[in-house]
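The values are calculated or read from the model by the stated rules, or taken from the named source; none is laboratory data. Given the structure is predicted, the values throughout are model-derived calculations rather than measurements. Please note: Cβ atoms are built from the backbone with ideal geometry, for glycine as well, and neighbour counts cover all protein chains shown.
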Amino acid sequence: MGIRKIGIAGAGLMGAGMSQIFAHHGYDVVVYDAFDAALEKGKRLVVLNQAAQVEAGEVTDAEGARTLAALRFTSELDALADRDEKFLKIYNALYRD
């Protein structure tokens, strides 16, 4: 079956960048952050990066739209529970088995 659903804990520069790359490559991505301001900033960064890539001709409008549609930003930690793969150690620190 493989990995199709990615969870990223942290919407900062690295989390936003990773989420964009995974979404661009067809993964269903959830980005978690405890702070709404960080979520908004991360989302804005991805939107700006996608727009710049479209403008530069690196991706088409349709590819940019698909990337953005594959992303979900949330402050609900439980949204990471169904992910096939989780990135960044905060999740592991909070949910040790």
- Of (1) at pLDDT below 95; (2) in a strand (DSSP E or B), Val31 satisfies all except one. Which? (1)
- Item | Hits in the stretch 40-77 - residues which are over 15 Å from the mean Cα position of the chain (by Cα) and not in a loop (DSSP other than H, G, I, E, B) | Ala51, Ala52, Gln53, Val54, Glu55, Asp61, Ala62, Glu63
- Pairing a residue in the stretch 8-28 that is of a type in the set (Lys, Arg) with any residue that is not in a loop (DSSP other than H, G, I, E, B), where Cβ atoms lie under 9 Å and the two sit 6 or more apart in sequence or on different chains, gives none
- Neighbours by Cβ (under 7 Å, 6+ apart or cross-chain): first from the stretch 35-59, more than 15 Å from Gly17 (Cβ to Cβ) and among the acidic types (Asp, Glu); second surrounded by 13 or more Cβ atoms within 10 Å (Cβ to Cβ) and modelled with pLDDT under 95: none
